[in-house]
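What follows draws every value from the coordinates through simple rules; no lab data is involved. Since this is a predicted model, take the numbers as computed values, not measurements. Quick reminder, even Gly has a Cβ in these numbers, built from the backbone with ideal geometry, and neighbours come from all protein chains shown.
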Amino acid sequence: MGSTTAAGTIIGISAAHPATEDETGYSALTYTTIGGVEKLGAIGAATAKVEFQPLSGAKEKHKGSTDYGSLQPSIAHDEEDAGQTLLRTAAEPDNNALYSFEVTYPNGEQRWSQGRAFGYPETVDGADSIIMANPTIEFSKKVVKSA
Amino acid sequence: MTDPAKKKAYIIRTFKDAGTDKTFAAGAIEQIDAGAFGNYEACGFVRAATAEDGKVTAPKTPA
């Protein structure tokens, strides 16, 4: 598929976990769309670089631990939106449960992972602005891509 | 793909699902897909309807 703008991207959240952590398992879940999303942020893992400089030869670079990344979506706060409310529930300080997330691009490609929400701060700016929420979702599982 | 099982839900407070464009009114009884019911229940919007709750009402959709 060719490149695309982000317009039409959807993110959904599920309180359930997949039977298998692959496209089949994730796509079998029911996700509730998080409404009012302005932007999502970067999706994907980052691997630490471990360097070793032998006495003889060039520097070696090895792959270390992997961080499956995080999302910092910007959302227009809506108390009645089911997806936002589930995300707020996930973000409760005493809630350590993993939630499943599904991102669908406008060209149909999908990404899935599981993570925890670390906070749901609400930003009240000037009079001519929307009250926004900026939660942080930290992924603990591999980001699965649709075939 | 088979239709997912439905659950009879009592709507605790009014909410809307951005993905389906459906609004659910507080106090109503609705038949909701089991997967969606789990998500709605997890955030406190619905509970399983009991015999004391009213009849099933039609889902609300925007005009």
Out of residues 5 or more away from A:A133 or on other chains, whose amide H comes under 5 Å of its own, with H placed 1.01 Å from N in the peptide plane? A:I75, A:A76, A:H77, A:T123
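Determine the shielding of peptide A:32-39 by partner chains: average, over its residues, the number of Cβ atoms on other chains within 10 angstrom of each Cβ.
On the way: counts 12, 5, 2, 5, 1, 1, 0, 0.
That average works out to 3.
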Could you give me the ³J(HN,Hα) list for segment B:43-48, computed from phi with Karplus coefficients 6.51, -1.76, 1.60 and θ = phi - 60°, whole Hz, x at Gly and Pro? 9, x, 8, 9, 9, 5
Which residues' amide hydrogens lie under 5 Å from the amide hydrogen of A:T4, considering only partners 5 or more residues apart or on another chain, with H built in the peptide plane? none
With the dipole of segment A:72-113 defined by +1 on each Lys or Arg Cβ and -1 on each Asp or Glu Cβ, the option from A:N96, A:Q110, A:Q84 whose Cα lies farthest towards the positive pole is A:Q110
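Within 10 Å of each Cβ in A:24-30, how many Cβ atoms from other chains are there, averaged over the peptide?
So the per-residue partner count for this stretch is 2.
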Backbone HN-Hα couplings from phi across segment A:79-88 [Karplus 6.51/-1.76/1.60, Hz, Gly and Pro as x]: 5, 9, 7, 5, x, 5, 5, 5, 5, 5
Report, ordered by chain and residue number, the lysines lying within cross-link reach of B:K6, taken as a straight Cα distance under 24 Å and ignoring same-chain residues fewer than 8 apart. B:K16, B:K22, B:K55, B:K60
Please give every one of the lysines within straight-line cross-link reach of A:K49, meaning a C-alpha to C-alpha distance under 28 Å, and leave out same-chain neighbours fewer than 8 residues apart. A:K59, A:K61, A:K63, A:K141, A:K142, A:K145
Using 12 Å as the cut-off for backbone N distance, which residues of segment A:80-115 belong to the label zone defined by a point 7 Å from the Cα of A:I131 along Cα→Cβ? A:80
Exposure proxy order (Cβ contacts within 10 Å, fewest to most) of A:K59, A:K145: A:K59, A:K145
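Which of the peptides A:3-15, A:114-126 is most tightly packed, and how do the rest follow, going by the mean number of other Cβ atoms within 10 Å of each residue?
On the way: A:3-15: 15.7, A:114-126: 14.2.
Going by the mean number of other Cβ atoms within 10 Å, highest first, we get A:3-15, A:114-126.
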Can you tell me the order of B:27-34, A:81-88, A:50-57 when each peptide is scored by its average per-residue count of other Cβ atoms within 10 angstrom, highest first? A:81-88, B:27-34, A:50-57
Per-residue ³J(HN,Hα) for segment A:11-19, Karplus 6.51 cos²θ - 1.76 cosθ + 1.60, θ = phi - 60°, Hz, x for Gly and Pro: 10, x, 10, 9, 7, 8, 10, x, 5
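Just tell me how shielded B:18-29 is by partners: mean number of partner chain Cβ atoms within 10 Å of each residue's Cβ, no decimals.
Numbers: counts 14, 10, 3, 2, 1, 1, 2, 0, 0, 0, 0, 0.
What the average comes to for B:18-29 is 3.
Would you mind calculating the relative contact order of segment A:1-76 from Cα pairs under 8 angstrom and at least 6 residues apart, reporting the percent as a whole number?
Details: 92 pairs, mean separation 20.8, N = 76.
Over segment A:1-76, the number comes to 27 percent.
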